[in-house]
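Engineer: My questions all concern the structure below.
The values are calculated or read from the model by the stated rules, or taken from the named source; none is laboratory data. Predicted, not measured: the structure shown is a model, and the values here were computed from it. Cβ atoms come from the backbone with ideal geometry, glycine included; neighbour counts cover every protein chain shown.
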Amino acid sequence: MNPPSQSSSEPTRRTILKWAAAGAATISTMPLARGAHVGGRQVIRIGMIGCGGRCSGAAAQSMSAGKDVQLVAMCDIFADRIEVARDALRREAPDQMLVDDDHCFTGFDGYKHVIEAADVILIACASKFHPMYAEAAIQAGKHVFVEKPHGIDPAGVRRMQAACDLAKEKGLSLVSGLQSRYQDKYIETIKRIHDGAIGEVISMQSMFLRGPYRLEARDPAMTETEYQFRNWYHFRWLSGDDVTQSLVHNADRMSWILGEEKPEWCFGLGGRSSSFGEVFGDMFDHHAAVYEYSSGPRLYAMSRTQVGCYSNSGDIIMGSKGVCHLDRGRIEGANPWRYRGEAQDPYTAEQVALIEAVRNGEPINSGYHMNQSTLMTVMGQIACYTGKPVKWQDVAESKLEFGPTPDESNFKTAPPTLSDESGNYPLPMPGITQFL
């Protein structure tokens, strides 16, 4: 069950299906001696940068790949999050969760200690820092899993691409959190699209409609910067807003369907209609972006984060011979088909893939798709903020960076946005705000 070699970092369908099968199986009984482990050891040490639910989930899924995977270090800028995650993971995998008090690191330099202590670094924290931490881990010779998005602005995406390129040079794995590419249902369905089951792709509809991310009330003891870090999903200088944060999954699947073709340009609309008050930060609560491709198709993408509204995170692909409901694994039209396999967990499958790559010394690299998909959503986010058309070339060459750089950001940093007397933060104004 080997991942592809460094010279072929794009996974094949057969390879991913093998990972998917492993992710669905009971894999805790895997033998310890499976080829070359890190530095000749029979143990793979993992470390967490960020102790929220996503990184905790990634750690548990990574440890499920075998008893030779041990969690040895954790960090977060908030100590209470470390303790919550450590307790949960100790219950999940008591024999593999080996993080003592001396390997729980807080503050903005904690990531350096985790990188020093571990062989595989799991990164899932405020998205602004994903490129910086991935870069530091690769420079230190460590394998990396990094959650989406892979940058919140053009400067961040370029930094992540450089980290991917360096990982290839060093023979290290860098795996993206865009887990759809590890799910057998998507793999089988998209193969049929590529084989012509719906004919020529004409248009695509993508949705990520849900309620808002977790809202954390202000503690009077917090500084403004600490408050914004506690609610980082709700501030664009830390998260990039919802097109980049959520629709990146859909954008990645659509890029996959179109053979990684880049859109030529896009336009968008968005705003805030029902989510007011300081806990909602300075982000829009609804977006729509339309992407046009030189080969002909258009992508109609929309996201919403509002309470009490219709939810859907699916994609519909319309072709000249049929329609594909991608999330359901169903094709209607001239070549009807439905996926009937078991739905395995793609989050586990991607961690199994990473651990297998480390065991076998055959690195995998998600750089062929992760940064392009992220930049595509950055492009859409800017279009929604400004109300102006945005060309791919312009956003790819832009030096735009939201807020202070990640290297300059800490609890002493003055936040780039402050609330007014009503408790609301200023929002971008389409038609007026300029970013490029």
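Engineer: Return the residues of the range 197-222 that are surrounded by 14 or more Cβ atoms within 10 Å (Cβ to Cβ) and more than 26 Å from Ser373 (Cβ to Cβ); say none if nothing qualifies.
Structural biologist: Hits for the range 197-222 are Leu215, Glu216, Arg218, Met222.
Engineer: Still on this structure, please answer the following. Among the candidates Arg181, Arg214, which residue alone is assigned to a helix (DSSP H, G or I), within 29 Å of Val352 (Cβ to Cβ) and charged (D, E, K, R)?
Structural biologist: Sole residue among the options that is assigned to a helix (DSSP H, G or I), within 29 Å of Val352 (Cβ to Cβ) and charged (D, E, K, R): Arg181.
Engineer: In addition: Looking only at residues in the range 397-436 that are of a type in the set (D, E, K, R) and within 23 Å of Ala155 (Cα to Cα), which one is nearest to the chain's Cα centre (by Cα)?
Structural biologist: First, pick out the residues of the range 397-436 that are of a type in the set (D, E, K, R): 397, 399, 401, 407-408, 412, 420-421.
In the following step, the residues that additionally are within 23 Å of Ala155 (Cα to Cα) were identified as 397, 399, 401, 407-408, 412.
Values: Glu397: 22, Lys399: 22, Glu401: 19, Asp407: 20, Glu408: 23, Lys412: 27 Å.
Among those residues, the one meeting the criterion is Glu401.
Engineer: I need the full set of residues from the range 127-166 which are crowded, with 23+ Cβ neighbours inside 10 Å, in contact with a Phe, Trp or Tyr (Cβ under 7 Å, 6 or more places away or on another chain) and of a type outside the set (D, E, K, R), in order please.
Structural biologist: Tyr133, Ile152
Engineer: Let me ask something else about it. Being within 23 Å of the chain's Cα centre (by Cα), in contact (Cβ under 8 Å) with a residue 12 or more places away in the chain, assigned to a strand (DSSP E or B) and farther than 22 Å from Tyr425 by Cβ is the filter here; which residues of the range 289-329 pass it? Can you show your working first?
Structural biologist: Of all residues in the range 289-329, those within 23 Å of the chain's Cα centre (by Cα) come to 289-291, 299-306, 311-317, 325-329.
This time we only want the ones that are in contact (Cβ under 8 Å) with a residue 12 or more places away in the chain, so: 289-291, 299-306, 311-317, 326-329.
Imposing the further condition that a residue be assigned to a strand (DSSP E or B) reduces the set to 289-291, 299-305, 312, 315-317.
The answer is Ala289, Val290, Tyr291, Leu299, Tyr300, Ala301, Met302, Asn312, Asp315, Ile316, Ile317.
Engineer: Within the range 189-208, can one find any residue that is in contact with a Pro (Cβ under 9 Å, 6 or more places away or on another chain), among the charged types (D, E, K, R) and in the same structural domain as Gly333 (by TED's automatic domain parsing)?
Structural biologist: Yes, the range 189-208 has at least one match.
Engineer: I've got another one for you. Which of the residues that make up the range 347-380 are over 14 Å from His143 (Cα atoms), buried (at least 24 other Cβ atoms within 10 Å of the Cβ) and not hydrophobic (A, V, I, L, M, F, W, C)? Working first, answer last.
Structural biologist: Here is the first cut: in the range 347-380, the residues over 14 Å from His143 (Cα atoms) are 347-349, 368-380.
In the following step, the residues that additionally are buried (at least 24 other Cβ atoms within 10 Å of the Cβ) were identified as 348-349, 370-371, 373-380.
Matches in the range 347-380: Thr348, Asn371, Ser373, Thr374, Thr377, Gly380.
Engineer: Looking at this structure, is Lys112 within 25 Å of Asn360 (Cβ to Cβ) and at pLDDT 95 or above?
Structural biologist: On the way: within 25 Å of Asn360 (Cβ to Cβ): no; at pLDDT 95 or above: yes.
When the stated conditions are applied, Lys112 does not pass them.
Engineer: Taking Leu98 as meeting all but one of (1) surrounded by fewer than 21 Cβ atoms within 10 Å (Cβ to Cβ); (2) in contact with a helix residue (DSSP H, G or I) (Cβ under 7 Å, 6 or more places away or on another chain), write down the number of the exception.
Structural biologist: Going through (1) surrounded by fewer than 21 Cβ atoms within 10 Å (Cβ to Cβ); (2) in contact with a helix residue (DSSP H, G or I) (Cβ under 7 Å, 6 or more places away or on another chain) one by one, Leu98 breaks only (2).
Engineer: Looking at Arg91, Arg54, Arg81, Arg86 in this structure, which one is touching a residue at least 40 places away in the same chain (Cβ under 8 Å) and out of contact with any His (no Cβ under 9 Å at 6 or more places or on another chain)? First the steps, then the outcome.
Structural biologist: Working: Arg91 fails: touching a residue at least 40 places away in the same chain (Cβ under 8 Å); Arg81 fails: touching a residue at least 40 places away in the same chain (Cβ under 8 Å); Arg86 fails: touching a residue at least 40 places away in the same chain (Cβ under 8 Å).
The match here is Arg54.
Engineer: Which numbered condition in (1) free of Cβ contacts under 8 Å to residues at least 12 places away in the same chain; (2) within 18 Å of Ile123 (Cα to Cα) is the only one that Arg159 fails?
Structural biologist: Unmet for Arg159, out of (1) free of Cβ contacts under 8 Å to residues at least 12 places away in the same chain; (2) within 18 Å of Ile123 (Cα to Cα): (1).
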